[in-house]
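This report refers to the structure that appears directly beneath it.
Rule-based calculations on the coordinates, nothing more; no lab input. It should be emphasised that the depicted structure is a prediction, and the values quoted were computed from it without experimental measurement. Glycine also receives a Cβ, built like all others from the backbone with ideal geometry; neighbour counts cover every protein chain displayed.
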Amino acid sequence: MKPKLLDLFCGAGGATKGYQRAGFYVVGVDIKPQPHYCGDEFYEADALTFRLDGYDAYHASPPCQEHSAASGKRRTKPIPYYKRDCLAEVRGLLRITNKPFVIENVVSAPMFNYIKLYGTMFSLKVIRQRWFECHGFDILLLISPIKPKHPRKNGYSTVVGGGCAGENIKLETWQEAMGINWMTKYELTQAIPPAYTEYIGKYLMKAVVEVLAR
């Protein structure tokens, strides 16, 4: 039986797919319907009130609008409830489980003990730089031979460079750049490449297996 991981704020499952590739049975939770979710189970619910017992590990990608420079420039309306900053609250809830967990968010978010990952580390044609706060397990810091650059300087399109615009980019081009073939354009704006969590998931799996073997 596969170890069970709960993916909070899962969206269409960019992170989920990576953890599946690392060997986890993944349950996703999101406040909105996710018809294209790729995980093993899905629950439409508030991640902040969902029951956390019964899982071996956790991942959470709480809303990043409060910490995203790009979103801040475009913002004209108050942030709705389900997009408010709840990173600290999520961290507190996951700590209570006494299980290993990962929190993912944008650069500049108030994170601790984090590693930084971006697409060129995995030979992807995307920057999509993200921070991952890892608790309860050790992970080797991955060093990329190719440092991320502004997309206009390295030949990548603006959208695969990591932004959230994409009206003029072909869906297939964007999907290929992210390593995702099941999402719409909007879902891609909210996702991270599965390669990130597949890498993290291998270290997380090792820690989980060691605990289960005791």
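Taking other Cβ atoms within 10 Å as a rough exposure proxy, Tyr118, Tyr203 sort from fewest to most as Tyr203, Tyr118.
Footprinting exposure proxy ranking of Ile115, Ile103, Ile96, fewest other C-beta atoms within 10 angstrom first, gives Ile96, Ile115, Ile103.
The stretch between Leu142 and Glu41, if pulled fully straight at 0.36 nm per residue, gains 33.3 nm over its current Cα-Cα span. Can you compute the label reach from Ile96? Point 7 Å from Cα along the Cβ direction, backbone N cut-off under 19 Å, restricted to the range 40-64. Flagged as within label range: 45-63.
By the beta-carbon count within 10 Å of each Cβ, the least crowded to most crowded order of Glu210, Glu133, fewest first, is Glu210, Glu133.
A simple spin-label model places the labels of Leu171 and Asp85 3.6 nm from each other, with each point 7 Å out along Cα-to-Cβ.
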